[in-house]
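Beneath this line is the structure, given in structure tokens, with notes to follow.
Every number in this text was worked out from the coordinates using simple rules, so none of it is lab data. Computed from a predicted model, the values in this text were never measured in an experiment. As a convention, Cβ positions derive from the backbone with ideal geometry for all residues, glycine included, and neighbour counts pool all protein chains shown.
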Amino acid sequence: MAGQDQDIKKERTTQGIRVITDYIPHVQSVSISITCDRGSRYEDVNMAGVSHFIEHMLFKGTKKRTAKEIALCLEEVGGYLNAQTGKEDVVYYACVGMDYIDRAFDLLSDIITNATLDDTDMERERGVIMREIATYNDLPQENLIDNAVRLLFGENDGYGIPVVGYSETVGRMGREDLLWHLSQNYKYNDIVVTAVGNLEHRSLMEMVEEKLERGLNWNGGIKSELRFEPPEVKSINERKLEQQYICHIWKGIKYSDERRYALSVLNAILCGMVSSRLFQRLREDMGLVYDISSTPRLMRDAGFFAIMYATYPQAGGKVISIVREEVEKLLNEGISEGELKTAREYIKGGIMLGLESTITRMMRLIKNEVYLGRIIPLKESIERFDGVTREEVEEVAKELFSEEGMVVAVGPKVKKLSKVIRGN
């Protein structure tokens with residue numbers, strides 16, 4: 001593990017753009033990104049979905065490239081261009097051979113600084129996003145977790161608003177709304193440039209100063225006053241599906257909380273591994289689910305813990321009760337040393353395997369910078385997981401599950417689950 005962090009460098013340009021590089025001399029590629037560290041949680045409810053809309057529009061054309069030319073720019077040299085909008089950030093990234101880093105960064109900086117945001121393109125892309133929202137709403141797993149998070153944090157909280165927004169808000173956004181959001185959120189201090197692979201830090205700094213820093217000058221428009229009627233949210237949602245999709249959700253901890261290491265171990269033991277308690281009981285022993293997963297989602301100043309699964313309609317109430325039994329058993333009896341050791345090794349293995357991917361390493365750097373403002377050395381992460389004790393895991397479990405949490409369900413006959421969900 002020695003030397004894994006020695007080639008990571010972090011520096012600011014004169015205007016405040018953060019530049020982070022991770023030099024890996026033995027690879028032939030580079031993953032590079034430009035991140036705006038203000039994601040959808042910073043949107044007003046009246047502008048729900050504006051960050052995601054902007055992400056789409058920046059690929060639709062610039063002053064020197066059409067949308068087709070943007071698409072071809074890296075593909076014609078075997079590269080890859082993509083973007084993702086999250087609650088805390090928006091990441092525009094590319095993966096290319098080491099000989100094409102200049103081309104990749106020129107493209108990324110061009111779409112960030114020179115997007116035309118053409119009205120005709122915007123109307124066309126609005127329709128695409130409307131289809132995306134409709135598709136998203138057709139997917140019970142995705143729709144379920146968003147409804148659960150919305151109930152947990154509230155409809156008017158940035159965390160509770162879906163990243164894609166609502167058809168009502170996306171449907172009436174104008175170009176001036178996108179320009180205003182860009183002017184408020186794509187500023188020098190909001191931008192992080194990250195690159196991992198076979199590249200030189202100084203060379204990237206020069207590219208950032210020349211291509212990005214000089215061009216980052218959104219003037220913005222006037223913020224529109226939009227009317228918004230929040231959609232009705234229910235914890236029980238009847239739909240004609242083959243299965244009931246169910247989510248248990250609790251308020252969690254923020255990313256900077258040092259208990260996150262113990263929480264990761266707890267997650268692995270309860271539901272995060274094939275050998276975990278819930279997977280073994282519900283899938284392997286009883287055959288009641290095809291899959292069951294959990295996620296401890298940690299954000300800048302909030303978080304949640306969710307357990308999700310699907311089962312046939314006749315078994316929903318039984319599975320809900322079993323999940324609650326296993327949580328209660330963990331609280332009352334704690335965990336074993338064997339479980340602790342397996343979970344720690346599983347997590348550390350995942351970290352080490354992630355080092356094989358320049359994209360994974362890049363995303364790790366982005367998350368560290370956006371959430372913590374510092375890069376956590378690999379050695380520190382491994383040592384922290386090695387140091388997690390049974391007592392720490394059991395303590396974070398008591399804190400997390402001090403309240404029963406909510407259960408959200410979608411699918412056929414879910415109204416019959418009301419008594420089980422309410423614990424009657």
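Brief remarks on what is shown
- Ratio of the Cα radius of gyration of the stretch 8-213 to 2.2 N^0.38 Å, where N counts its residues: 1.06
- Note, ³J(HN,Hα) from phi for the stretch 96-104, Karplus 6.51, -1.76, 1.60, rounded to Hz, x at Gly and Pro: 9, x, 4, 6, 10, 5, 4, 4, 5
- Under the combined filter of DSSP loop state and at most 10 neighbouring Cβ atoms within 10 Å, the stretch 387-424 retains these trypsin sites (Lys or Arg not before Pro): 422.
- Estimated purely from DSSP H runs of n ≥ 4, each contributing -39500 (n - 2.57), the mean residue ellipticity at 222 nm for the chain is -12000 deg cm²/dmol once divided by its residues.
- The length gained on full extension between residue 422 and residue 337, counted as 0.36 nm times the residue separation minus their Cα-Cα distance, comes to 27.2 nm.
- Rounded if a/c under 1.5, otherwise prolate or oblate - the stretch 236-421, Cα gyration tensor axes: prolate
- Ignoring lysines fewer than eight residues from residue 68 along the same chain, the ones with Cα atoms less than 24 angstrom from its Cα are 60, 211.
- Using 0.36 nm per residue and subtracting the Cα-Cα separation, the extra length available between residue 12 and residue 167 on full extension is 51.9 nm.
- Count Lys and Arg as plus one, Asp and Glu as minus one, and take only other residues whose Cβ is under 14 Å from that of residue 327; the net charge is then -3.
- Each part reduced to its alpha carbon centroid, the stretch 181-196 and the stretch 365-392 end up 24 Å apart.
- Nearest-ten-degree value, helix 119-138 long axis tilted from longest Cα axis of the chain: 10
- Rounded to the nearest 20 debye, the dipole magnitude of the chain is 760 debye, with +1 charges on Lys and Arg beta carbons, -1 on Asp and Glu beta carbons, and the Cα centre as origin.
- With respect to the chain, whose longest principal axis is taken over its alpha-carbon atoms, helix 316-333 is tilted by about 90°.
- Taking label points 7 Å from Cα along the Cα-to-Cβ direction, residue 391 and residue 214 give a separation of 6.0 nm.
- Modelled this way, with points 7 Å down the Cα-to-C-beta line, the labels at residue 200 and residue 134 are 5.3 nm from one another.
- Folded to 0 to 90 degrees: helix 358-372 orientation relative to the chain principal axis, Cα: 80
- In summary, the aspartates and glutamates within cross-link reach of residue 367, defined as a Cα separation below 12 angstrom excluding same-chain residues under 8 places away, comprise 37, 88, 89.
- Selection from 205, 286, 387 lying farthest towards where the dipole of the chain points positive, charges on Cβ: 286
- Counting charges near residue 391 (Lys, Arg +1; Asp, Glu -1) among other residues having Cβ under 13 Å from its Cβ returns a value of -2.
- Of the peptides 260-269, 315-324, the order by per-residue mean of other Cβ atoms within 10 Å, starting with the highest, comes out as 260-269, 315-324.
- Within a straight-line Cα-Cα reach of under 21 Å, residue 318 can be paired with the following lysines, leaving aside sequence neighbours fewer than 8 residues apart in one chain: 240, 329, 413, 415, 416, 419.
- Given the alternatives (1) 61; (2) 67; (3) 57, percent of Cα pairs over 27 Å apart as computed for this entry is given by (3).
- Net length gained if the chain between residue 257 and residue 321 were fully extended (0.36 nm per residue, minus Cα distance): 20.0 nm
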